[in-house]
Structures are given as structure tokens and as C-alpha cells.
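Before any comments, here is the structure.
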Amino acid sequence: MNSKNIKHQSAEINRRKFIGTAAVVAALPLLWPENQVYAQNSGNPSSFSEPARKIPVKDEVDVIVCGGGPAGIAAAVTAARAGASVRLFEVNGCLGGTWTAGLLTWIFDIDKPGIAQEIRYRLDERGARRGTDKDNFVYEPDEMKLLLEDMFVEAGVKLRLKTQLAAAYKDKNRLTTIITESKAGREAWRAKVFIDATGDGDLGALSGCKWDIGRPGDGLCQPLTMNALAVVRDVTQLRKYICFYGGDQLWRSEPNRNFKAEVRRAGIEPSYNVAKLFHVRDNLILMMVNHEYGVKPYDTDAMTAATIHGRREVFTIARGLRSLEGVWDGLQVVASAEQIGIREGRRIHGLYTISEKDIAAGTTFEDGIARVNFGVDIHQLAKGVHNPGNEITAKPYEIPLRALIAKDVEGLMMAGRCISGDFIAHSSYRVTGNAVAMGEAAGIVAVVASAGKRLPHEVSWREAEARLKQMGQR
């Protein structure tokens, strides 16, 4: 290398050093406040005082819905169709919650008017539903994602995905503002009425509502389940092992016993005592083989461990079955759920608490917003432990509007499994068909309340239902 090139290279290196140094120096005023705060807090290793900051208020609307699962989508679409300005926040990257991110693939107790009926019709239009029963069927989860997004676009719902609820604030006792966290940063949002459709009652808890969880006495919750889609070479050869073959229900019967025997033949004892397969379409099936016990959905470390353990068990069972060859040859997991399935979270205290007595008596209410036909279904609370409660016979009963209205905070409603009920009643109304009906009711009541400058508890169900009839949803 000649001296001219050496001089040029040296000059270039010096130029780069200067630019790099200048960039660091320029950044120092921006970094210095954080460094200064860190220095102030470094003397206390057990805590950190975050500095106060102003959070931008991004929008103010009539109705805010937190959670985009079956209850949330029904609430948001109904409110928007009724003319309200609506925002919905969802932590996952899609709408549908357990239907989609959780890969549930089946729906119970959805033969109801309004949004529930519409979803069934629109799945049929797409060829995405299997089964002859209008109340109990199998669907394709990714078609459901598209369908729900189409409904949001058509209704004009303002949607934000990948956004976590972080805080809630009240004016006196009325909820006025929520704070979210996302890659857009920390942002504030205001509304006249809020609906907690998070499933786990996150908004209610952040707002200061009292709540219950699990079985009275020990707080044990129903287990979590990691679902997974799998492909097989010839689904017709697995008919004797599939409880929803062709979309029609044969669950808790011979197919489940046959399937469990095959898992055991592979040398594996599934954590879910009633492990089962569902036929989604063609050679695509759903594996529901996992139970994760003793986990509270707000315990993030436990949820993380359950997710990892559950996914590992699904693959272990799939590989074990494949090793048997024969009808299982070629079995392959193609997708495991993004969101582990949660059956039970917080039950937010409402103006009325649905009880075991209500479901045993088939209670009806003047403000009954939906009829529940699903029975008591309590999964094992611990491995090998018999659970009292499943022997209770539930008669068809109604969910009162009061169970959807928070008792401790004004301007807040609930929809889905976080409504106000006891442990036994929750095990019945928690299924997703009922969540849709609850969401629809909460959505229309929120519209009537916000339009009339009233609170939800000041709106009668008769008035709200009349609005649904005007919209053609009844």
C-alpha cells in the first residue's frame, strides 16, 4: 500500500471517529436525565422510583373495550353498529382470543340471536364450519380471524392489536382513563363507558374492583390447556379416535377412551384425563391433550412455565403417537397456540352475583340478557383429584344484566368469563357462545348509557334490547 493510500485511509478513520464521537456527544443531553435518575436510585437495590412523566391522550371515544376475544368482539361491533365511537385493545396479534390465538376450534352454546347467529352464518358462507348442530360445532381458526377483522372494518371499530392494558384511573369513583403500553409507548385513552372483556378481569382489577378467583376455601382454579393443530395422512383412519368427527360432537365417549389408550400405548400418560382430538377439516385435526394445574392467569412467571411445559407435552405426545406407525404414521404438529387456553380468571364483583342456586333452579330475571344451556363443567383442579360440583344438574337459566355491571366502579361493565358469579356458576356460563351474548348486551347498554350521559346501571335492559331490535339483532 503506498503512502497516499495510507494517508487517505487514516483520514477516513479519523473522520469516522469524529462522526461517532459527535453522535455520542449529541446524544448525551437525551441520555443524561435517565442516567441521573438511575444514579439517584442506585442506593436502594430493592426498588426503583420511576420519574413522573406526561402521557399523551391519544383519543376520547364513547366506548372502550379491553380484550378482543368472543365477548370483546361482540361488544365492539354492536356498539359501533349502534352509532357509537368505539376503540378496542387486544394484546395478541389477532382478534378472537381463545377462538384464534388459543386455537380452540370448537364453540358451545352459541345458538342465540344477534352476533352469535351472524358469526355462524358467515362461517358457513366461507365454508369454515363443520357440524350439523347450530349450538355446538367446529370451525377453522384462521378463517375466524379474517371474519372478525372484516366485521370490525365494516362496523368502523378502531382497533389496536399488540397493546397491553397497563393502568386505569378514576375521577372520584368513575372510570375515565386507561393507560396502555405498546411499541408506540405509553398512551392514555378516555371514554364514557368501558367494557372489561379481558377474560381475566384485568381492567376491573386495575380500576379497584373487588374480585374472587377459584374455588372457595383454597382458590384452586381450573387448569390451562395448550392446544395444537396437526395434520394426518388419512383422517378417515382415525375416526374411532376423534370426538368431533366431521364437526359433530361425540365427546366424553368411546372416541376419547380409544384415543387415550393409544397415547398410553405410546408409553405416555397425558396430563389431561380426557385428552381428545377434533376434526377441523380434511386431514387437519386439533389435539387437546394437556392440563396445567395450579396456575393463576395473572402470575406471569407461572403462565410462562405452563406455556413452555404445555407445548412440550403436545409435541411429546405427537411424537409418541407417530412412533406407533400404522394410522399415526405421518402425524405432524403444524401450529401450537400463541395463547395457552385459560378457563378461569378473576370474577369481578357486580351488582348481582350469579350463583349455584340460580343455575340449579333455572332462574330467570327481568333483566336477563342471555339464556345459558351449558351445564356445569369443572375440569380437574389438581392431577388425580376428584372435584365436587360436576354432579350438580344445571337447568337452562338466564344471565342478568346486573352481573355485567361493576359494583365498585362506575362506568365499567364486564363481558365474558370475568362477569360476577360464583365458582360453580362460572363453570357453566364461561363457554364462548355465552361470552358472545354477554358482549352484545354490554355493547348496546354502553351505547345507550353514553348517548344519554348516563351510567350503565341507569339503563334498563328493556330499553337496550329495544335498540337491538331496531338494529335487527333480535
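The values are calculated or read from the model by the stated rules, or taken from the named source; none is laboratory data. Everything quoted here is computed from the prediction, not taken from an experiment. Positions of Cβ are backbone-derived with ideal geometry, glycine not excepted, and every protein chain shown enters the neighbour counts.
Some points to look at:
- Of everything listed in (1) out of contact with any strand residue (DSSP E or B) (no Cβ under 8 Å at 6 or more places or on another chain); (2) surrounded by fewer than 20 Cβ atoms within 10 Å (Cβ to Cβ); (3) over 30 Å from Gly208 (Cβ atoms), the single unmet condition for Pro270 is (2).
- Being among the hydroxyl-bearing types (Ser, Thr, Tyr), under 30 Å from Val448 (Cα atoms) and touching a residue at least 40 places away in the same chain (Cβ under 8 Å) is a property that Thr225 lacks.
Per-residue answers, yes or no, for (1) within 24 Å of His386 (Cβ to Cβ); (2) assigned by TED's automatic domain parsing to the domain that holds Met303:
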residue	(1), (2)
Cys209	no, no
Arg233	no, yes
Phe244	no, yes
Leu250	no, yes
Asn256	yes, yes
Phe259	yes, yes
Ile268	yes, yes
Ser271	yes, yes
Phe278	no, yes
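- Among the candidates Gly320, Gly326, Gly345, Gly330, residue that is of a type outside the set (A, V, I, L, M) and closer than 26 Å to Leu95 by Cα: Gly345
- Of the residues Arg122, Arg81, the single one that is touching a helix residue (DSSP H, G or I) at 6+ places or on another chain (Cβ under 8 Å), charged (D, E, K, R) and more than 28 Å from Phe244 (Cα to Cα) is Arg81.
- For segment 192-215, the candidate set comprises residues that are aliphatic (A, V, I, L, M) and in contact (Cβ under 8 Å) with a residue 60 or more places away in the chain; within that set, the residue that is surrounded by the fewest Cβ atoms within 10 Å (Cβ to Cβ) is Ile213.
- Residue within segment 186-197 that is over 19 Å from Asp59 (Cβ atoms) and assigned to a loop (DSSP other than H, G, I, E, B) present: no
- Residues satisfying the stated conditions in segment 417-471, i.e. in contact with a Phe, Trp or Tyr (Cβ under 7 Å, 6 or more places away or on another chain) and of a type in the set (Gly, Ala, Ser): Ser420, Gly421, Ser428, Gly433
- Of all residues in segment 241-269, those satisfying the criterion of being more than 14 Å from Trp328 (Cα to Cα), under 29 Å from the mean Cα position of the chain (by Cα) and in a helix (DSSP H, G or I) are Tyr245, Gly246, Gly247, Pro255, Asn256.
- For segment 420-448, a residue qualifies if it is under 14 Å from the mean Cα position of the chain (by Cα) and assigned to a loop (DSSP other than H, G, I, E, B), and the qualifying residues are Arg430, Val431.
- Residue, farthest from Val232 (Cα to Cα), within segment 282-332, restricted to residues that are in contact (Cβ under 8 Å) with a residue 60 or more places away in the chain and of a type in the set (Gly, Ala, Ser): Gly294
- A single entry from Ala394, Ala360, Ala370 fulfils the requirement of being of a type in the set (Gly, Ala, Ser), surrounded by 18 or more Cβ atoms within 10 Å (Cβ to Cβ), closer than 30 Å to His457 by Cα and over 25 Å from the mean Cα position of the chain (by Cα): Ala394.
- Condition met for Asp218 (free of Cβ contacts under 8 Å to residues at least 12 places away in the same chain and loosely packed, with under 15 Cβ neighbours inside 10 Å): yes
- A single member of Ser420, Ser428 is closer than 18 Å to Gly67 by Cβ, crowded, with 24+ Cβ neighbours inside 10 Å, hydroxyl-bearing (Ser, Thr, Tyr) and modelled with pLDDT of 95 or more, and it is Ser420.
- Qualifying residue in segment 429-443 (condition: under 21 Å from Ile178 (Cβ atoms) and hydroxyl-bearing (Ser, Thr, Tyr)): no
- The lone exception for Thr132 - which of (1) closer than 18 Å to Phe278 by Cβ; (2) at pLDDT 95 or above it fails: (2)
- When residues in segment 395-417 are screened for being under 17 Å from Gly67 (Cα atoms) and out of contact with any strand residue (DSSP E or B) (no Cβ under 7 Å at 6 or more places or on another chain), 2 of them pass.
- Within segment 157-189, the residues that satisfy the criterion of being surrounded by fewer than 17 Cβ atoms within 10 Å (Cβ to Cβ) and basic (Lys, Arg) are Lys158, Lys162, Lys170, Lys172, Arg174, Lys183, Arg186.
- Subset of segment 277-300 [surrounded by fewer than 22 Cβ atoms within 10 Å (Cβ to Cβ) and over 22 Å from the mean Cα position of the chain (by Cα)]: Arg281, Asp282, Asn283, Leu284
- Any hit, segment 103-121, residues being touching a residue at least 60 places away in the same chain (Cβ under 8 Å), surrounded by 20 or more Cβ atoms within 10 Å (Cβ to Cβ) and in contact with a Cys (Cβ under 8 Å, 6 or more places away or on another chain): no
- Candidate set from segment 62-76 (those that are part of a strand (DSSP E or B) and surrounded by 21 or more Cβ atoms within 10 Å (Cβ to Cβ)); member that is farthest from the chain's Cα centre (by Cα): Val63
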